[in-house]
1. For Ser213, state whether it is at pLDDT below 85, assigned to a helix (DSSP H, G or I) and surrounded by fewer than 21 Cβ atoms within 10 Å (Cβ to Cβ).
2. Can you find even one residue in region 18-27 that is assigned to a loop (DSSP other than H, G, I, E, B) and either over 16 Å from Leu92 (Cα atoms) or at pLDDT 95 or above (or both)?
3. Asp109: of a type in the set (D, E, K, R), in contact with a Gly (Cβ under 8 Å, 6 or more places away or on another chain) and surrounded by fewer than 23 Cβ atoms within 10 Å (Cβ to Cβ), yes or no?
4. Out of (1) of a type outside the set (A, V, I, L, M, F, W, C); (2) assigned to a loop (DSSP other than H, G, I, E, B); (3) at pLDDT 95 or above, the odd one out for Thr170 is which?
5. Among the listed residues Glu45, Glu13, which satisfies the condition of being outside any loop (DSSP other than H, G, I, E, B) and over 17 Å from the mean Cα position of the chain (by Cα)?
6. Just need a number here: residues in region 123-159 that are small (Gly, Ala, Ser), over 17 Å from Ser218 (Cα atoms) and touching a helix residue (DSSP H, G or I) at 6+ places or on another chain (Cβ under 6 Å).
7. Here are some conditions: (1) of a type outside the set (Asp, Glu); (2) under 18 Å from the mean Cα position of the chain (by Cα); (3) within 18 Å of Arg157 (Cβ to Cβ); (4) not in a strand (DSSP E or B). Val83 meets all but one. Which one does it not meet?
8. Could you check how many residues of region 104-156 are hydroxyl-bearing (Ser, Thr, Tyr), in a loop (DSSP other than H, G, I, E, B) and modelled with pLDDT of 90 or more?
Amino acid sequence: MRVLAVIPAYNEEACIRQTVSSLVAACPTIDFLVVNDGSTDKTREICEQNGYRVLNLSVNSGLACGFQAGMKYAYRYGYDAVVQFDADGQHLPNYIPSMAEVMDSQNADIVIASRVLAGETIDGGRGVGSKLIATLIRLTSGVRLTDPTSGMRMYNRHMIDLFAHSYDFTPEPDTVALIARKGGKVVEVPAHMRERQSGQSYFDFSHVMRYMSRICASILFLQWFR
């Protein structure tokens, strides 16, 4: 199975070198693509100096646009699977082979790295929101997930095609809910994660609440028209 790690990066100069180094050390046979999402720091310079495969977007377009660009690349070059991998050091690359193994053995469309299955707890507003989203996914699709907000997900070839050619597919829980409701197979594997290694997370309390409201509204109402 040819797997591509897509690494969206926006102003990650403090982390990107270590993130890529740890990925290459743990998974030397897996290709990676850094999608530099219009960074204004030295992210682009670091990637080019180190010879990374990098796709530079001219302006900051957001996670959805950056990830779709990575999926278009994966589709063009015939990859069998894509793993979404954060640039800030939260995701641990040693779980990628087990995700690929589960995808292959269970013929899964999406494999999610679950912190909950690994015994971790998700605190604060994120934890409450994650449980609410998991409940909505179960009610609308019958699929039980423990960590639907995990950003470390692997997508198979069919999902690559959908993301590459559909403007409204985003790497978010509502898309996972849609795939599950349409009969796609979504499975989870246990995985520990680290705290962000540097920089400031976009998700403060107010952003978390707006994010969760949007995702829940999409699962309950908007996606039924898709």
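1. Considered against the rule, which asks whether it is at pLDDT below 85, assigned to a helix (DSSP H, G or I) and surrounded by fewer than 21 Cβ atoms within 10 Å (Cβ to Cβ), Ser213 comes out as yes.
2. Checking region 18-27: at least one residue is assigned to a loop (DSSP other than H, G, I, E, B) and either over 16 Å from Leu92 (Cα atoms) or at pLDDT 95 or above (or both).
3. yes
4. So the condition that Thr170 fails would be (3).
5. Glu45
6. Number satisfying all stated conditions: 1.
7. (4)
8. Of the residues in region 104-156, 3 are hydroxyl-bearing (Ser, Thr, Tyr), in a loop (DSSP other than H, G, I, E, B) and modelled with pLDDT of 90 or more.
The values are calculated or read from the model by the stated rules, or taken from the named source; none is laboratory data. For clarity, every value in this text was computed on a predicted model and none was experimentally measured. Virtual Cβ from ideal backbone geometry, glycine too; neighbours counted across all protein chains shown.
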